[in-house]
1. Conditions first: (1) within 22 Å of residue 200 (Cα to Cα); (2) touching a strand residue (DSSP E or B) at 6+ places or on another chain (Cβ under 8 Å); (3) surrounded by fewer than 18 Cβ atoms within 10 Å (Cβ to Cβ). Residue 43 passes all but one, so which condition is the exception?
2. All but one of (1) surrounded by fewer than 24 Cβ atoms within 10 Å (Cβ to Cβ); (2) under 18 Å from the mean Cα position of the chain (by Cα) hold for residue 255, so report the exception by its number.
3. Have a look at 286, 248, 235 and point out the one that is buried (at least 16 other Cβ atoms within 10 Å of the Cβ) and at pLDDT 95 or above.
4. Checking residue 121 against (1) under 30 Å from residue 51 (Cβ atoms); (2) more than 20 Å from the chain's Cα centre (by Cα), which test does it fail?
5. On the basis of being under 16 Å from residue 50 (Cα atoms) and outside any helix (DSSP H, G or I), does residue 91 make the cut?
6. Which members of region 111-135 meet the condition of being outside any helix (DSSP H, G or I) and crowded, with 20+ Cβ neighbours inside 10 Å?
7. Can you confirm whether residue 180 is part of a loop (DSSP other than H, G, I, E, B) and surrounded by 16 or more Cβ atoms within 10 Å (Cβ to Cβ)?
């Protein structure tokens with residue numbers, strides 16, 4: 001089966017299941033840096049299964065030509081650690097079928113837009129998943145970049161027209177004066193982009209943490225700081241505080257450097273914000289909550 005301008009999905013399926021028949025192929029919403037397609041197949045015994053095909057975009061491939069293989073290995077480590085995440089099924093970097101590397105993973109039936117009915121339970125589940133991710137040591141994923149090195153690159157590249165409504169120059173100056181943060185926690189696997197859009201829920205249960213192309217190694221405070229920022233924007237400060245309480249109850253980490261990692265988390269999205277296409281009210285709320293988060297972090301580091 002071929003969809004106009006798209007790869008031959010049946011050939012992709014046959015790399016994993018030679019006897020399967022392709023029923024349907026549909027793009028999955030939410031893919032930003034990767035092209036994500038759901039492939040519904042039927043097996044000779046009549047069993048129906050949905051596979052997920054991931055093909056990384058040009059930016060990811062330029063940053064890491066082996067991003068597909070590395071994501072596949074990360075998913076393997078997560079499966080071994082019992083982290084709720086898609087299962088890796090097949091990796092192909094040969095270039096014989098598709099021009100760029102690709103991987104197949106299991107389909108997780110869930111919704112990133114699930115609204116929490118019980119906020120405390122929602123944040124507890126997220127904290128448990130985050131703690132499980134951070135139990136994977138850096139030695140298990142030695143091919144991943146160091147988060148603090150990526151932070152240094154971001155800090156050292158000022159933009160010609162910084163967004164001063166979000167204190168961009170102040171953020172960069174405070175980080176430049178103090179980077180890297182004190183290394184008081186052992187380096188671990190990091191998701192790299194913990195936000196509600198990368199969490200799949202069903203009936204109030206966290207089914208999977210998805211989109212691992214930004215995985216790195218480093219201080220677990222990096223993931224915690226990013227999650228705190230994203231939750232404060234999406235769900236409010238109560239969600240941020242509840243997640244933090246549950247996470248710290250599960251993880252014996254030193255939080256001295258948390259404000260610095262929060263400044264890093266606040267700096268990361270500023271350049272991309274104009275391209276998100278937010279409705280005016282949504283952007284106003286995001287900016288208001290971002291400024292509140294940044295103000296607290298700057299005050300904590302004396303900036």
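1. The one condition residue 43 does not meet is (1).
2. If we test residue 255 against (1) surrounded by fewer than 24 Cβ atoms within 10 Å (Cβ to Cβ); (2) under 18 Å from the mean Cα position of the chain (by Cα), just (2) comes out false.
3. Numbers: 248 fails: buried (at least 16 other Cβ atoms within 10 Å of the Cβ); 235 fails: at pLDDT 95 or above.
Testing whether each residue is buried (at least 16 other Cβ atoms within 10 Å of the Cβ) and at pLDDT 95 or above leaves just 286.
4. Of (1) under 30 Å from residue 51 (Cβ atoms); (2) more than 20 Å from the chain's Cα centre (by Cα), only one is false for residue 121: (1).
5. Values: under 16 Å from residue 50 (Cα atoms): no; outside any helix (DSSP H, G or I): yes.
For residue 91, the condition - under 16 Å from residue 50 (Cα atoms) and outside any helix (DSSP H, G or I) - is not met.
6. Residues of region 111-135 that are outside any helix (DSSP H, G or I), as a first pass: 111-118, 134-135.
Hit for region 111-135 is 134, nothing else.
7. Spelling it out, residue 180 is indeed part of a loop (DSSP other than H, G, I, E, B) and surrounded by 16 or more Cβ atoms within 10 Å (Cβ to Cβ).
Okay, residues lined up against (1) in contact with a strand residue (DSSP E or B) (Cβ under 6 Å, 6 or more places away or on another chain); (2) modelled with pLDDT under 95; (3) surrounded by fewer than 17 Cβ atoms within 10 Å (Cβ to Cβ):
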residue	(1), (2), (3)
10	yes, yes, yes
27	yes, yes, yes
58	no, yes, yes
66	no, yes, yes
74	no, no, no
78	no, no, no
85	yes, no, no
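The values are calculated or read from the model by the stated rules, or taken from the named source; none is laboratory data. All figures in this text were calculated on a predicted structure; none of them were measured in a lab. Glycine also receives a Cβ, built like all others from the backbone with ideal geometry; neighbour counts cover every protein chain displayed.
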